[in-house]
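**Student:** I am attaching a structure below and will ask some questions about it afterwards.
The values are calculated or read from the model by the stated rules, or taken from the named source; none is laboratory data. This one's a predicted model, so the numbers in the text were calculated from it and none came from an experiment. Here the Cβ positions follow ideal geometry from the backbone for every residue, glycine too, while neighbour counts run over all protein chains shown.
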Amino acid sequence: MTPEPSQSPANPQSPSPGASEARFRKLIESNADGMLVVRSDGTIRYANPAATSLLNRSATELVGRFFGIPILAGETTEIDLPFRDGKVVVVEMRVVETEWEGEPALLASLRDISDRKILEEELRQKIAELAVADQRKDEFLAMLSHELRNPLAPILNAVHIMRLRGDDQVLRERMRDIVEQQVRCMARLVDDLLDVSRITRGKIQLRLEPVSATALIQRSIETVRTQLAAKSHELHVTLPDEPVRIWADPVRLEQVMNNLLNNAVKYTDKGGRIDVAAEVDGDDVTIRVKDDGIGIDREMQEAIFGLFTQVDHSLARSQGGLGIGLTLARNLVQMHHGSLVARSDGPGRGSEFVVRLPISKEAIKADVPPPPPPLPTPGASRRVLVVDDNLPSADSLSLIIKLWGHECRVAHAGPDALEEAAVFRPDVILLDIGLPGMDGYQVAQELRGRPGSAEVVLIAMTGYGREEDRRRTREAGFDQHLVKPLDLDDLERLLAHIGEPGGLGHPSIRS
């Protein structure tokens, strides 16, 4: 009988179960993620050092305790664990099946993703903010398009009427007034947009001087007389008897008052009442603009000073505007060390805007500055060269200058301007900056490099009015910087006073 073969010895290369378990234990013990071995009944059999640190419990406190969180193999879940110094730790848990000490078990890996969740939330908020900003941008561009189209319509209508009835002098005068008013409206919109940019970047500089608060209010009221009459508004004005003066930039404070008065007219129904009052209150002067118009919701009484915010967005009540006027007004008042607040008892109950400004003892002692000079009477004729690649703009400006009694020629490009200047020998050159090819800066530098150029007055014409733009034109050799559309009254004064002592072009003020 042949004996049965004996069993072959175990493969020396195969690890024993104990050795495999030891390596497995060592692997999870050194893992950077928290590792928990959990029995099928939910009790914890093992916790690696990373898990004890994450859960802020010792291994003794964890092992043998019920895990308390339902876990299933193959699942990945996020759980909030209020374990670390009272703070909630967000943990990502992944579960796989395993064996532990010969028994089936579940291995739960725990990873602290709190920082990641914070970053994800910040990213979500940023995306939401960008979405809101994008929506506000679209709304603003729609408003801007609307506001620019509004004045264009009456301008086109007026031009068409003048074409049909150009022989009617009275009608032509009316249409001319309409065009002028609407162009000024468009220029004011552009100025407001630029002012917002300047204020937000801290680029606005006040030109302070002694200002009569009463005179300032009266000038602002005159700017809205036409609108008041058109809507049959009843205006009541109460001003202090004694002189009240402040150190201020009169142009900027008139901008504030004009905004408040225009809003009162705009948001008050036909036949409504508007009150303007100023009084001395201690060391301050308080100016109130009150109406019985549409009013303001309580929650909007501070929000309306935010950029691009309007009182009423409904089409039925839409009165135009970009929602930047009150932002500018408050910022300008604050730059004068004052305050501007809005008050209202609610919709339909009117509004009141209160400006508070400090009275200056130095301003009271100072002389009141003289009023602006009147328009000049016809005087010496100047030779003026207009350089602009926009043909309608150049030709129309040339015609106006000729009507003022000056001799004027036109060039539409830089090289042509240099040739014309050599032949015409102008006293004044009105030079557009944005010329194609050879721009206005290059033309100015070329002109200043010629013999005898010191007597020529160079005036820049540009759509840019920032301080850095003015600095750049000065450095290029310009004597004056005018922003388009040009203020023709100012230009007429400039041309009339060229060469006079202290006037434009006189050596005492040439840069």
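**Student:** Can you tell me which residue within the range 219-276, out of those that are of a type in the set (Ser, Thr, Tyr) and closer than 15 Å to Val355 by Cβ, is farthest from the chain's Cα centre (by Cα)?
**Tutor:** That would be Thr238.
**Student:** Looking at Val386, Val410, which one is without any contact (Cβ under 8 Å) to a residue 40 or more places away in the chain, within 30 Å of Val179 (Cβ to Cβ) and either in the same structural domain as Asp192 (by TED's automatic domain parsing) or not in a helix (DSSP H, G or I) (or both)?
**Tutor:** Exactly one of Val386, Val410 is without any contact (Cβ under 8 Å) to a residue 40 or more places away in the chain, within 30 Å of Val179 (Cβ to Cβ) and either in the same structural domain as Asp192 (by TED's automatic domain parsing) or not in a helix (DSSP H, G or I) (or both), namely Val410.
**Student:** If you don't mind, another one. Specify the residue that is farthest from Ile113 (Cα to Cα); the eligible residues are those in the range 38-75 that are part of a loop (DSSP other than H, G, I, E, B) and of a type in the set (Ser, Thr, Tyr).
**Tutor:** Ser40
Every residue, every condition in (1) assigned to a helix (DSSP H, G or I); (2) among the aliphatic types (A, V, I, L, M); (3) at pLDDT below 90; (4) closer than 14 Å to Lys266 by Cα, yes or no:
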{"residue": "Gly320", "(1), (2), (3), (4)": "no, no, yes, yes"}
{"residue": "Leu326", "(1), (2), (3), (4)": "yes, yes, yes, yes"}
{"residue": "Asn331", "(1), (2), (3), (4)": "yes, no, yes, no"}
{"residue": "Ala342", "(1), (2), (3), (4)": "no, yes, no, no"}
{"residue": "Asp345", "(1), (2), (3), (4)": "no, no, yes, no"}
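**Student:** Looking at the range 260-274, which of its residues are within 17 Å of Leu216 (Cβ to Cβ) and surrounded by fewer than 23 Cβ atoms within 10 Å (Cβ to Cβ)?
**Tutor:** Across the range 260-274, the qualifying residue is only Asn262.
**Student:** Let me ask something else about it. Just the residues that are buried (at least 16 other Cβ atoms within 10 Å of the Cβ) and of a type in the set (D, E, K, R), please, taken from the range 424-438.
**Tutor:** Listed by number, the residues that qualify are Asp427, Asp432.
**Student:** For Glu475, which of the numbered conditions (1) under 32 Å from the mean Cα position of the chain (by Cα); (2) modelled with pLDDT of 90 or more; (3) surrounded by 13 or more Cβ atoms within 10 Å (Cβ to Cβ); (4) not β-branched (Val, Ile, Thr) fails to hold?
**Tutor:** Condition not satisfied by Glu475: (3).
**Student:** Return a yes/no flag: does the range 432-446 have any residue that is in contact with a strand residue (DSSP E or B) (Cβ under 6 Å, 6 or more places away or on another chain), assigned to a strand (DSSP E or B) and of a type in the set (Val, Ile, Thr).
**Tutor:** Scanning the range 432-446, I find no residue that is in contact with a strand residue (DSSP E or B) (Cβ under 6 Å, 6 or more places away or on another chain), assigned to a strand (DSSP E or B) and of a type in the set (Val, Ile, Thr), so the answer is no.
**Student:** Suppose we filter the range 448-500 for residues that are at positive phi and touching a strand residue (DSSP E or B) at 6+ places or on another chain (Cβ under 9 Å); how many remain?
**Tutor:** 2
**Student:** Just to be sure I understand the filter: pairs with C-beta atoms under 9 Å, separated by 6 or more residues or on different chains, first member in the range 434-454 and assigned by TED's automatic domain parsing to the domain that holds Asp388, second member assigned to a helix (DSSP H, G or I) and among the basic types (Lys, Arg). Which pairs pass?
**Tutor:** Hits for this filter: Tyr441/Arg472; Ala454/Arg448.
**Student:** To continue, here is another question. From Glu234, Glu254, grab the single residue that is in the same structural domain as Val354 (by TED's automatic domain parsing), modelled with pLDDT of 90 or more, surrounded by 12 or more Cβ atoms within 10 Å (Cβ to Cβ) and touching a Lys or Arg at 6+ places or on another chain (Cβ under 8 Å).
**Tutor:** Glu234
**Student:** Shifting gears a bit: Inspect the range 447-459 for any residue being assigned to a helix (DSSP H, G or I) and either crowded, with 20+ Cβ neighbours inside 10 Å or at pLDDT 90 or above (or both) and give the result as yes or no.
**Tutor:** The answer is yes, given that some residue of the range 447-459 is assigned to a helix (DSSP H, G or I) and either crowded, with 20+ Cβ neighbours inside 10 Å or at pLDDT 90 or above (or both).
**Student:** On the given criteria, is Arg116 surrounded by 10 or more Cβ atoms within 10 Å (Cβ to Cβ), of a type in the set (D, E, K, R), over 20 Å from Gly64 (Cα atoms) and modelled with pLDDT of 90 or more?
**Tutor:** On the way: surrounded by 10 or more Cβ atoms within 10 Å (Cβ to Cβ): yes; of a type in the set (D, E, K, R): yes; over 20 Å from Gly64 (Cα atoms): yes; modelled with pLDDT of 90 or more: no.
The answer is no for Arg116.
**Student:** So, one more: Looking at (1) at pLDDT 85 or above; (2) in contact with a Ser or Thr (Cβ under 6 Å, 6 or more places away or on another chain), can you tell me which one Val89 breaks?
**Tutor:** Going through (1) at pLDDT 85 or above; (2) in contact with a Ser or Thr (Cβ under 6 Å, 6 or more places away or on another chain) one by one, Val89 breaks only (1).
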